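**Q** Take a look at this one; I'll ask things after.
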């Protein structure tokens with residue numbers, strides 16, 4: 001069967017820039033070169049501008065992104081807020097001057113100009129993923145358990161604050177790629193997702209759709225089959241089926257209830273990066289088996305590991321052809 005194939009290139013773009021993910025994440029020219037050359041090699045859709053895509057908002061709010069060792073991915077190691085009370089009334093960041101938002105938007109503008117055939121998008125994080133970086137995972141889980149009403153209010157505030165960033169992206173002539181992986185089980189139970197996260201998620205996806213002029217994909221990692229109905233309740237037209245979940249059950253459920261929604265079925269990224277062609281072929285066949293006879297299915301890689309040899313992506317494309 002024929003199926004579109006698109007690798008997800010974030011920190012992997014640093015491979016094409018010839019520098020570490022940290023260096024590329026802080027330098028506009030390296031980021032531009034890495035994503036430009038990655039697209040010229042892979043012709044993937046979309047081009048998501050960034051390396052450490054979940055850090056943009058947290059850094060703009062004032063969190064410190066730590067320098068990793070070697071080829072590690074930059075991360076927030078120390079929460080910005082020691083208490084939930086400090087965070088509840090957080091004001092929107094300013095995309096023109098806070099953190100790296102302006103740099104990433106400018107790189108996106110350059111990529112769109114030089115690569116007219118590419119679908120260039122700026123990553124926008126969901127409220128729980130932002131909260132994860134601002135409070136830290138242990139503290140945020142305690143907040144969810146002990147102060148659920150306040151967490152729900154904070155998530156809604158974070159979601160509404162994203163309108164400023166989204167409008168700046170659209171004003172630059174670019175589109176949005178929306179990510180919210182931290183909210184998926186097991187970090188939140190399905191009940192917690194439904195009561196605390198879903199109202200804020202619906203709000204931000206509706207808001208973003210209004211600003212960009214079309215429904216927004218909802219990209220979530222994790223075991224999402226347990227919250228699939230809630231994700232679909234946001235009105236999104238594009239979801240991701242991850243290797244961490246029951247992929248066959250996910251696609252069966254989606255095709256039963258929302259056959260018009262596009263779904264990207266991800267390969268195991270560890271296999272995508274391996275050096276054994278037969279193992280890669282078997283993984284491709286597994287995905288094709290899940291997608292067989294269904295419309296609106298795509299094949300993806302998950303977050304493409306930095307060390308993935310570009311020849312592996314060519315091998316997958318040739319096998320599919």
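The values are calculated or read from the model by the stated rules, or taken from the named source; none is laboratory data. Keep in mind that what you see is a predicted model, and the values were worked out from it rather than measured. Neighbour counts are summed over all protein chains in view; Cβ atoms, including those assigned to glycine, are modelled from backbone coordinates with ideal geometry.
**Q** Given (1) surrounded by fewer than 18 Cβ atoms within 10 Å (Cβ to Cβ); (2) closer than 22 Å to residue 76 by Cα, where does residue 149 come up short, assuming only one miss?
**A** Tallying (1) surrounded by fewer than 18 Cβ atoms within 10 Å (Cβ to Cβ); (2) closer than 22 Å to residue 76 by Cα, residue 149 fails exactly one: (2).
**Q** From the list 91, 102, which residue is surrounded by fewer than 21 Cβ atoms within 10 Å (Cβ to Cβ) and not in a helix (DSSP H, G or I)?
**A** Selected residue: 91, the only one of 91, 102 that is surrounded by fewer than 21 Cβ atoms within 10 Å (Cβ to Cβ) and not in a helix (DSSP H, G or I).
**Q** For residues in region 254-269 being farther than 21 Å from residue 178 by Cβ and modelled with pLDDT of 95 or more, which is surrounded by the most Cβ atoms within 10 Å (Cβ to Cβ)?
**A** This residue is 267.
**Q** Take the residues in region 24-46 that are part of a loop (DSSP other than H, G, I, E, B) and out of contact with any strand residue (DSSP E or B) (no Cβ under 7 Å at 6 or more places or on another chain); name whichever of them is nearest to residue 133 (Cα to Cα).
**A** Among them, the one singled out is 27.
**Q** I've got another one for you. Return the residue satisfying two criteria in turn: it lies in region 56-72 and is part of a loop (DSSP other than H, G, I, E, B) and surrounded by fewer than 20 Cβ atoms within 10 Å (Cβ to Cβ), and of such residues it is modelled with the lowest pLDDT.
**A** Filtering first and then ranking leaves 69.
**Q** Just for region 173-193: of the residues that are in a loop (DSSP other than H, G, I, E, B) and in contact with a strand residue (DSSP E or B) (Cβ under 8 Å, 6 or more places away or on another chain), which one is nearest to residue 128 (Cα to Cα)?
**A** So, considering only residues that are in a loop (DSSP other than H, G, I, E, B) and in contact with a strand residue (DSSP E or B) (Cβ under 8 Å, 6 or more places away or on another chain), the one nearest to residue 128 (Cα to Cα) is 180.
**Q** Could I ask something else about it? If residue 264 passes every condition in (1) outside any helix (DSSP H, G or I); (2) within 13 Å of residue 5 (Cα to Cα); (3) in contact with a helix residue (DSSP H, G or I) (Cβ under 8 Å, 6 or more places away or on another chain) but one, which one does it miss?
**A** Result: residue 264 fails condition (3) only.
**Q** While we're here: Of everything in region 274-296, what is under 24 Å from the mean Cα position of the chain (by Cα) and more than 16 Å from residue 240 (Cβ to Cβ)? Give them in sequence order.
**A** 274, 280, 283, 284, 286, 288, 295
**Q** When region 128-138 is examined, which residues are found to be buried (at least 18 other Cβ atoms within 10 Å of the Cβ) and part of a helix (DSSP H, G or I)?
**A** 128, 129, 130, 131, 132, 133, 134, 135
**Q** Consider residue 299 against the criteria (1) in a loop (DSSP other than H, G, I, E, B); (2) within 23 Å of the chain's Cα centre (by Cα); (3) under 25 Å from residue 231 (Cβ atoms): it satisfies all of them except one. Which criterion is unmet?
**A** Failing condition for residue 299: (1).
Here's the yes/no breakdown for (1) modelled with pLDDT of 95 or more; (2) within 21 Å of residue 51 (Cα to Cα); (3) in contact with a helix residue (DSSP H, G or I) (Cβ under 6 Å, 6 or more places away or on another chain):
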| residue | (1), (2), (3) |
| --- | --- |
| 278 | yes, no, no |
| 286 | yes, no, no |
| 299 | yes, no, yes |
| 302 | no, yes, yes |
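**Q** Restricting to region 1-11, name every residue that is touching a helix residue (DSSP H, G or I) at 6+ places or on another chain (Cβ under 7 Å) and closer than 21 Å to residue 76 by Cβ.
**A** Residue satisfying the conditions is 11 alone.
**Q** Any idea which of (1) more than 17 Å from residue 50 (Cα to Cα); (2) more than 20 Å from the chain's Cα centre (by Cα); (3) free of Cβ contacts under 8 Å to residues at least 60 places away in the same chain is the one residue 88 doesn't satisfy?
**A** Every listed condition holds for residue 88 apart from (3).
**Q** Does at least one position in region 118-127 carry a residue that is surrounded by fewer than 18 Cβ atoms within 10 Å (Cβ to Cβ), at pLDDT below 95, out of contact with any helix residue (DSSP H, G or I) (no Cβ under 7 Å at 6 or more places or on another chain) and not in a helix (DSSP H, G or I)?
**A** no
**Q** Could you check region 47-67 and list, in sequence order, the residues that are more than 20 Å from residue 128 (Cα to Cα) and in contact with a helix residue (DSSP H, G or I) (Cβ under 6 Å, 6 or more places away or on another chain)?
**A** 47, 49, 67
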